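Please treat every number below as a calculation from the coordinates, not as lab data. These figures come from a predicted structure and were not determined experimentally. Note that we place each Cβ from the backbone using ideal geometry, even for glycine, and neighbour counts take in every protein chain shown.
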Amino acid sequence: FILASAATGMPLTSEEARLIQEQYTASALHYVDKVDWDWWDPAVGDGTKRFEPSRDMEGGGVAIRVPELPYLFEYCASPYRSNNGVSPVNCDVVLDPDRWGETGLE
């Protein structure tokens, strides 16, 4: 809910931005191998699939719900986003699919 609030103008502190980074990173790593993202891929196989994957992460903790993952796009595209706070992501990268995969660590 912190990120949704930031999309409507609430400035984020560095602690809040760091928390968002940690939660989104952990959730993405949790889901990458746990979700059949492309149900038409022959590797997925036939049969019943869970609509929503388990949020329980290995080692404890709960992942962000899959429908909340796009909040990063909402935050970055929001005309109400505050310029006074700390941004949890580089919105130039988030909004440009050609740059997806950049970490800023290169």
Taking Cα pairs under 8 Å and at least six residues apart, what relative contact order does the chain come out at, in percent?
-> 45
Listed residues Pro42, Pro79, Pro67; largest mean-square fluctuation, Gaussian network over the chain with Cα springs below 10 Å, found at Pro42
Under a Gaussian network model of the chain whose springs join Cα atoms within less than 10 Å, the largest fluctuation of Glu22, Glu58, Glu74 belongs to Glu58
Taking H as built 1.01 Å from N, whose amide H comes closer than 5 Å to the amide H of Leu12, not counting residues under 5 places away?
-> Gly85, Val86
Residue order, fewest to most surrounding Cβ atoms within 10 angstrom, among Phe73, Phe1 | Phe1, Phe73
Helix 14-32 versus the longest principal axis of the chain: what angle, 0 to 90°, nearest 10, using Cα atoms?
-> 10
If Lys and Arg each add +1 and Asp and Glu each add -1, what is the summed charge of the other residues whose beta carbon sits under 15 Å from the beta carbon of Pro88?
-> -4
Over the Cα atoms of the stretch 2-99, what is the Rg over Rh ratio if Rh follows Kirkwood?
-> 1.04
According to a simple spin-label model (label point 7 Å from Cα along Cα-to-Cβ), what is the distance in nm between Ser14 and Asp41?
-> 3.9
